[in-house]
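*Asks:* Let me give you the structure first, and then I'll get to my questions.
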Amino acid sequence: MAIFIDNDTKLVVQGITGRDGSFHTREMMAYGTNVVAGVTPGKGGQTFEGPNGKAVPIFNAMDEAVAATGANASVIYVPPAFAAGAILEAADSGVSFVVAITEGVPVLDMARAHAFAKDKGVRVLGPNCPGLISPGKSKVGILPGKIVTEGPIGLVSRSGTLTYEAVFQLTGAGLGQTTCVGIGGDPLIGTNFIDCLAAFEADPDTTGVVMIGEIGGTDEQEAAEYVSAHMTKPVVGFIAGRTAPPGRQMGHAGAIISGASGTAEDKIKAFEENGISVAQRPADLVGLIQDALA
Amino acid sequence: MDIHEYQAKERFRAAGIPVPPGEIATTPEQAESIAAQYGGMVVVKAQVHSGGRGKAGGVKLAKDASEAKEHAAAILGMDIKGLTVEKVLVTPAEDIDTEAYVGILVDRKKQAATFMVSAEGGVDIEAVAAETPELIRKLTVDPRYGILPHQAFWLANFLYEDPALIKQASKIIGQLYTSFIESGSSMAEINPLITTPAGEVKAIDAKMSIDESELFRRPEVEAMRDTSSEPASETKAREAGLSYVKLDGDVGCCVNGAGLAMATMDLVKYYGGEPANFLDIGGSSNPDKVVAALEIITSDPNVKSILFNIFGGITRCDDVANGIVEATRRIDIKPPIVIRLTGTNEEKALEILHEAGFSAYTSMDEVVEKAVQLAQGN
């Protein structure tokens, strides 16, 4: 098993003809993801040529794509100005899971999009996230397929390349993964740590979880309380940004210490108080999860 | 992006909020002539992107134009939390009966804009929230409806008892919401919102932060950016499409991805060094960006070693390698460079680097430890 995506995921790519959309659609198809349709307004009726001679039909709108293919998930690679609109359209089309890769979506646009998706009962991952991958089954987003391998560890992170680093270390030590999820670096994200932790707790194949947080907000603190109150599986963690100065945005729009809130120290303390061992370095995650599972 | 008080007041005025007049001076003489034009008492206020201006001596009451000139002379050029004051706002002094607080910001947990109001104005609202939360009333606004009239009234009702004041404050709360949304703001604050003996409600201070992601569609707000308050290297980085924050250490860091960049800085510290900067070259791996990144890092005289930590996903390692080689041809780089590259097109990248005489590591710990040693002269 895995969380959120597996062999039954039938994916629509919104923005399939763009530079990023077309590149990553090929990567996803090469990995084995079942990409059933693409959407680019004005290019309906055309065909997207994937790897190994596979072709994907392109539609003008999400509802047409879902009606024609029975798709149940979508991934969004459209530019920031149109990304929130693409989420609204996807949430209204019948898919149950929407992954928004786009970085730089206006936060107030996302407030509306999240409220709408919640009303429709649709799960949004992101925006400003690398997506997720269930090794051997499906990948949605931009995570490199080469660095993952099948196994019992669930991984959830706010970052992109730091996720790769952690997965790379786990895989190198022979620790495979059920699903690796990047929840995104924005202030308003659709799926948070607790959603992923609950899904990993319910997934029979996941035996332990690696949680990677960073400065900004209090999502990690709430997740830590959730772990001690509701989880039976061990969780280990890492927090990036111990050296980040207050009041400065560190790349991610959500990675900012405002006033006294959102510091790495606060988060590390919350992890430790709730039984989550914290790695000093990404490389130490391997030993911590091995100990926790022993 | 933070904007100055006088700029936030312009946004507020445009939304109809009653804000006293004010003009900007960059010299004591200008301050004097603005004060003379208003007549009577004025306030001279430092315009810097920092809180605590009053405590730092950057806000002064002047009884007449010549005192305004004296105060402006003292405040202009003053250093407030590392920022030099280059402008002062000169504004007529108001008679104050009461001071309240009205603010709105994006609440991450509620995933929507949230108002905070308190009758305890003119003070640090975070301290009020921490010590006496019962003195604050909060309301999360449904982004689909905006603030509704009865909600604005409910907030205003927490501030005043006089129906005439409640009516004015309700209107101001609605106008603040409009200004917040139309400015693409992440935070907007009136502190204090005053009442006068004549029974008027007015905003005499204004603060606003703008969501950087809004600026592409709000050129009039982008035009308010004041680059004089940031290091030139940060301006250059933004123009080159790089995320860069200057720090005080001596190990220059060039990384792809914000989370990995922070983790790399932390690892520099772990091995006993101090990072000179945060720098995320982003996902696309245009060699020109790498050149710009190296120019920015080497323009910092504190930098004693430079480390690259690249985990290729979308970023192609060979592009980064080409950028490094290209940069060493174009600019004279004195500090030693150590490189870690892994992921997409790693082999090609290593070939390019070896031909140019660089060696590369594949482990993040090795490269960071090496960079720290080099910075320490080992």
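*Asks:* If I filter segment B:79-102 for residues that are in a strand (DSSP E or B), polar (S, T, N, Q) and surrounded by fewer than 23 Cβ atoms within 10 Å (Cβ to Cβ), do I get at least one hit?
*Replies:* Our first condition is that a residue be in a strand (DSSP E or B); within segment B:79-102, this holds for B:79-80, B:83-84, B:88-92, B:98-102.
When the remaining residues are screened for being polar (S, T, N, Q), the result is B:84, B:91, B:98.
The next check asks that each one be surrounded by fewer than 23 Cβ atoms within 10 Å (Cβ to Cβ); those that pass are B:84, B:98.
Yes; the residues of segment B:79-102 include at least one that is in a strand (DSSP E or B), polar (S, T, N, Q) and surrounded by fewer than 23 Cβ atoms within 10 Å (Cβ to Cβ).
*Asks:* With respect to A:A199, is the statement that it is of a type outside the set (V, I, T), more than 8 Å from chain B (Cβ to nearest Cβ) and over 22 Å from B:A130 (Cβ atoms) true? Explain how you work it out, then say what you get.
*Replies:* Values: of a type outside the set (V, I, T): yes; more than 8 Å from chain B (Cβ to nearest Cβ): yes; over 22 Å from B:A130 (Cβ atoms): yes.
Answer is yes for this residue.
*Asks:* Oh, and also: Among the residues that make up segment A:156-166, is at least one of them under 22 Å from A:A73 (Cα atoms), touching an Asp or Glu at 6+ places or on another chain (Cβ under 8 Å), in a strand (DSSP E or B) and modelled with pLDDT of 95 or more?
*Replies:* no
*Asks:* Could you list all residues from segment A:96-116 that are buried (at least 24 other Cβ atoms within 10 Å of the Cβ) and away from chain B (no Cβ under 14 Å)?
*Replies:* Residues satisfying the conditions are A:V98, A:V99.
*Asks:* With respect to A:D119, is the statement that it is more than 12 Å from chain B (Cβ to nearest Cβ), modelled with pLDDT of 95 or more, within 22 Å of A:G94 (Cα to Cα) and assigned to a helix (DSSP H, G or I) true? If you could, list the steps in order and put the result at the bottom.
*Replies:* On the way: more than 12 Å from chain B (Cβ to nearest Cβ): no; modelled with pLDDT of 95 or more: yes; within 22 Å of A:G94 (Cα to Cα): yes; assigned to a helix (DSSP H, G or I): yes.
Here the answer is no, as A:D119 does not meet what is asked.
*Asks:* Do the conditions hold for B:V320, that is, is it touching a Pro at 6+ places or on another chain (Cβ under 9 Å) and under 16 Å from B:V255 (Cα atoms)? Before you say what the answer is, go through the steps one by one.
*Replies:* Details: touching a Pro at 6+ places or on another chain (Cβ under 9 Å): yes; under 16 Å from B:V255 (Cα atoms): yes.
Yes, satisfied.
*Asks:* Let me ask another. From the list B:E295, B:E346, B:E326, B:E369, exactly one residue is under 23 Å from A:L162 (Cβ atoms) and either under 31 Å from the mean Cα position of the chain (by Cα) or at pLDDT below 95 (or both). Which is it? So that I can check it myself, show each step before the final result.
*Replies:* Details: B:E295 fails: under 23 Å from A:L162 (Cβ atoms); B:E326 fails: under 23 Å from A:L162 (Cβ atoms); B:E369 fails: either under 31 Å from the mean Cα position of the chain (by Cα) or at pLDDT below 95 (or both).
The conditions single out B:E346.
*Asks:* Among the residues of segment B:120-140, what is the count of those that are assigned to a loop (DSSP other than H, G, I, E, B) and closer than 19 Å to B:K207 by Cβ? Step through it out loud before you land on a result.
*Replies:* Restricting attention to segment B:120-140, the residues satisfying the condition of being assigned to a loop (DSSP other than H, G, I, E, B) are B:120-124, B:132.
Still in the running and closer than 19 Å to B:K207 by Cβ: B:120-124.
Of the residues in segment B:120-140, 5 are assigned to a loop (DSSP other than H, G, I, E, B) and closer than 19 Å to B:K207 by Cβ.
*Asks:* Can you go through B:I96, B:I75, B:I104 and tell me which one is in contact with a helix residue (DSSP H, G or I) (Cβ under 6 Å, 6 or more places away or on another chain) and among the β-branched types (V, I, T)?
*Replies:* B:I104
*Asks:* If a residue has to be under 25 Å from A:G136 (Cα atoms), loosely packed, with under 14 Cβ neighbours inside 10 Å and of a type in the set (A, V, I, L, M) to count, how many in segment A:34-70 make the cut?
*Replies:* Qualifying residue count, segment A:34-70: 1.
*Asks:* A further question on this structure: Determine whether segment B:57-78 contains at least one residue that is crowded, with 18+ Cβ neighbours inside 10 Å, assigned to a loop (DSSP other than H, G, I, E, B) and more than 20 Å from the chain's Cα centre (by Cα).
*Replies:* Yes - at least one qualifying residue is present in segment B:57-78.
Listed here are the residues, each with its yes/no results for (1) over 19 Å from A:P130 (Cβ atoms); (2) among the aliphatic types (A, V, I, L, M); (3) outside the structural domain of B:I337 (by TED's automatic domain parsing); (4) out of contact with any Lys or Arg (no Cβ under 6 Å at 6 or more places or on another chain).
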{"residue": "B:K236", "(1), (2), (3), (4)": "yes, no, no, yes"}
{"residue": "B:L242", "(1), (2), (3), (4)": "yes, yes, no, yes"}
{"residue": "B:L247", "(1), (2), (3), (4)": "yes, yes, no, yes"}
{"residue": "B:D250", "(1), (2), (3), (4)": "yes, no, no, no"}
{"residue": "B:A261", "(1), (2), (3), (4)": "no, yes, no, yes"}
{"residue": "B:Y271", "(1), (2), (3), (4)": "yes, no, no, yes"}
{"residue": "B:P275", "(1), (2), (3), (4)": "yes, no, no, yes"}
{"residue": "B:I281", "(1), (2), (3), (4)": "no, yes, no, no"}
{"residue": "B:D288", "(1), (2), (3), (4)": "yes, no, no, yes"}
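*Asks:* Further, regarding this structure: Suppose we filter B:E134, B:E99 for residues that are free of Cβ contacts under 8 Å to residues at least 24 places away in the same chain and among the acidic types (D, E); which single one remains? Lay out the reasoning, then the answer.
*Replies:* Details: B:E99 fails: free of Cβ contacts under 8 Å to residues at least 24 places away in the same chain.
Sole residue among the options that is free of Cβ contacts under 8 Å to residues at least 24 places away in the same chain and among the acidic types (D, E): B:E134.
*Asks:* Taking the condition of being under 19 Å from A:F23 (Cα atoms) and within 14 Å of chain A (Cβ to nearest Cβ), how many residues in segment B:290-318 meet it?
*Replies:* Taking segment B:290-318 and keeping what is under 19 Å from A:F23 (Cα atoms), we get B:311-318.
Going one step further and asking which of them are within 14 Å of chain A (Cβ to nearest Cβ), we end up with B:311-317.
Summing the residues that are under 19 Å from A:F23 (Cα atoms) and within 14 Å of chain A (Cβ to nearest Cβ) in segment B:290-318 gives 7.
*Asks:* While we're here: Could you grab the pairs with beta carbons closer than 8 Å, sequence gap of 6+ or different chains, first residue in segment B:360-374 and at the interface with another protein chain (Cβ under 10 Å from one of its Cβ atoms), second one of a type in the set (S, T, N, Q) and part of a helix (DSSP H, G or I)?
*Replies:* Sorted first by the residue in segment B:360-374, then by its partner, the pairs are B:M364/B:T264; B:V368/B:T264.
*Asks:* When residues of segment B:214-233 are filtered for being within 11 Å of chain A (Cβ to nearest Cβ), within 25 Å of B:G82 (Cβ to Cβ) and at pLDDT 90 or above, how many remain? Write out each step before concluding.
*Replies:* Taking segment B:214-233 as the starting set, the residues that turn out to be within 11 Å of chain A (Cβ to nearest Cβ) are B:214-218, B:230.
Now drop any that are not within 25 Å of B:G82 (Cβ to Cβ), which leaves B:215, B:230.
Pick out the ones that are also at pLDDT 90 or above and you get B:215.
Qualifying residue count for the region: 1.
*Asks:* Search segment A:253-294 for residues being among the polar types (S, T, N, Q) and not in a loop (DSSP other than H, G, I, E, B), and hand back the single one that is nearest to A:N128 (Cα to Cα). Don't jump to the end; show me each part of the working.
*Replies:* At the first step, the residues of segment A:253-294 found to be among the polar types (S, T, N, Q) are A:258, A:261, A:263, A:274, A:277, A:280, A:290.
Right, trim to not in a loop (DSSP other than H, G, I, E, B) and you get A:258, A:261, A:277, A:290.
Numbers: A:S258: 20, A:S261: 22, A:S277: 27, A:Q290: 31 Å.
So, considering only residues that are among the polar types (S, T, N, Q) and not in a loop (DSSP other than H, G, I, E, B), the one nearest to A:N128 (Cα to Cα) is A:S258.
*Asks:* Ok, one more. Go through segment B:176-213 and give me each residue that's in contact with a Lys or Arg (Cβ under 6 Å, 6 or more places away or on another chain) and within 9 Å of chain A (Cβ to nearest Cβ).
*Replies:* The first filter runs over segment B:176-213 and keeps only residues in contact with a Lys or Arg (Cβ under 6 Å, 6 or more places away or on another chain), leaving B:179, B:183-184, B:189, B:194, B:206.
Matches in segment B:176-213: B:G184 only.
*Asks:* I would also like to ask the following. Hey, any hits in segment A:240-252 for a residue that's within 27 Å of B:A237 (Cα to Cα), in contact (Cβ under 8 Å) with a residue 60 or more places away in the chain, assigned to a loop (DSSP other than H, G, I, E, B) and within 12 Å of chain B (Cβ to nearest Cβ)?
*Replies:* First, pick out the residues of segment A:240-252 that are within 27 Å of B:A237 (Cα to Cα): A:240-252.
In the following step, the residues that additionally are in contact (Cβ under 8 Å) with a residue 60 or more places away in the chain were identified as A:240, A:251-252.
If we keep only those that are assigned to a loop (DSSP other than H, G, I, E, B) too, we end up with A:251-252.
Checking the rest, the ones that are also within 12 Å of chain B (Cβ to nearest Cβ) come to A:251-252.
Checked segment A:240-252: at least one residue is within 27 Å of B:A237 (Cα to Cα), in contact (Cβ under 8 Å) with a residue 60 or more places away in the chain, assigned to a loop (DSSP other than H, G, I, E, B) and within 12 Å of chain B (Cβ to nearest Cβ).
The values are calculated or read from the model by the stated rules, or taken from the named source; none is laboratory data. Every value quoted in this text rests on a predicted model; they were computed, and no experiment measured them. Cβ atoms come from the backbone with ideal geometry, glycine included; neighbour counts cover every protein chain shown.
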